[in-house]
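The values are calculated or read from the model by the stated rules, or taken from the named source; none is laboratory data. Quantities reported herein were computed from a predicted structural model and do not represent experimental measurements. Neighbour counts are summed over all protein chains in view; Cβ atoms, including those assigned to glycine, are modelled from backbone coordinates with ideal geometry.
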Amino acid sequence: MNVETLAVGAFETNCYVLWAAAPEALVIDPGADAGSILGFLGKQHLTVAAYLLTHGHVDHVSALADVCQALPAPVYIHAADRTWAFGPENQMPPYFPVPAMPKGSIHPLEDGQERSDAGLTYRVLLTPGHTPGSVCFLFPKEHVLLSGDTLFAGSVGRTDLPGGDSRALAASLARIVKLEDKTLVYPGHGPPTDMAREKRHNFFLRG
């Protein structure tokens, strides 16, 4: 698996491009800087098999419409976040206006769903707490977890925004902590980590 991390936008959201072999790739959380995302894809001669959204917050979806217009592909987001992700409640002036609705098909993600795209097989883990429809993407063969804003290196996602739920997040973390120690974690912000390190040092997982 090839993993490219593009830190985009005012909040340095991690947009990930994953591929097994060119030309198809997965694009996860295109949150801003559509030109940078498209520039990387073009440089690597990659097309897009699917756009995957870990959750609906504006800093994770704002470049989606522009990137999707240039490189059309299906979009996947959990239904609980789809209801507000492209509406006026999901804006953050002056950094982000209301995200544009991408053209084309938008499909719901479901807990336990298994998919294969771009030569990669992954499982959807519903991990509410940061938002009602937050998900993680687990790639079992590669021992890789894309955790969105559910789990960070040394911390976890905030729950004080609309739709946040600290109890739901605690339950989601109790599920994630069962993953193998060797699982590499690529979060929605900040550096990558692994489950062994988080189990030892992350206060929110040690309980």
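Only one residue in Phe96, Phe86 is closer than 17 Å to Ala34 by Cβ, modelled with pLDDT under 95 and surrounded by 14 or more Cβ atoms within 10 Å (Cβ to Cβ). Which one? None of the other options fit; the residue is Phe96. If only residues of the stretch 115-125 that are more than 15 Å from the chain's Cα centre (by Cα) and outside any loop (DSSP other than H, G, I, E, B) are counted, the one that is nearest to Ala21 (Cα to Cα) is Leu120.
All conditions but one from (1) without any contact (Cβ under 8 Å) to a residue 24 or more places away in the chain; (2) under 19 Å from Met101 (Cα atoms) apply to Lys43; the one that does not is (2). Checked against the criterion of being touching a helix residue (DSSP H, G or I) at 6+ places or on another chain (Cβ under 6 Å), more than 20 Å from Glu4 (Cα to Cα) and not hydroxyl-bearing (Ser, Thr, Tyr), the stretch 124-131 contains one or more residues that satisfy it.
Filtering Arg167, Arg200, Arg158, Arg206 for residues that are surrounded by fewer than 16 Cβ atoms within 10 Å (Cβ to Cβ) and under 21 Å from Tyr16 (Cβ atoms) leaves a single hit, Arg158. If you filter the stretch 1-20 down to residues that are free of Cβ contacts under 8 Å to residues at least 60 places away in the same chain and farther than 27 Å from Pro93 by Cβ, you find that the one that is surrounded by the most Cβ atoms within 10 Å (Cβ to Cβ) is Val17.
Annotation: of all residues in the stretch 33-54 being part of a loop (DSSP other than H, G, I, E, B) and at negative phi, the one that is surrounded by the most Cβ atoms within 10 Å (Cβ to Cβ) is Thr54. Can you name every one of the helices (runs of 4 or more DSSP H) wholly within the stretch 58-114 that holds 1 or more residues which are over 19 Å from Leu26 (Cβ atoms) and in contact with a Lys or Arg (Cβ under 7 Å, 6 or more places away or on another chain)? Qualifying helices (runs of 4 or more DSSP H): none found. Take the conditions within 11 Å of His60 (Cα to Cα) and free of Cβ contacts under 8 Å to residues at least 60 places away in the same chain and apply them to Pro23. Does it pass? No; evaluated as a whole, the condition is false for this residue. Taken together, the residues in the stretch 16-32 that are acidic (Asp, Glu) and assigned to a loop (DSSP other than H, G, I, E, B) amount to 1. Within the stretch 148-184, being without any contact (Cβ under 8 Å) to a residue 40 or more places away in the chain and among the hydroxyl-bearing types (Ser, Thr, Tyr) holds for Thr159, Ser166. When the test is whether a residue is farther than 22 Å from Gly163 by Cβ and touching a residue at least 24 places away in the same chain (Cβ under 8 Å), Leu120 passes it.
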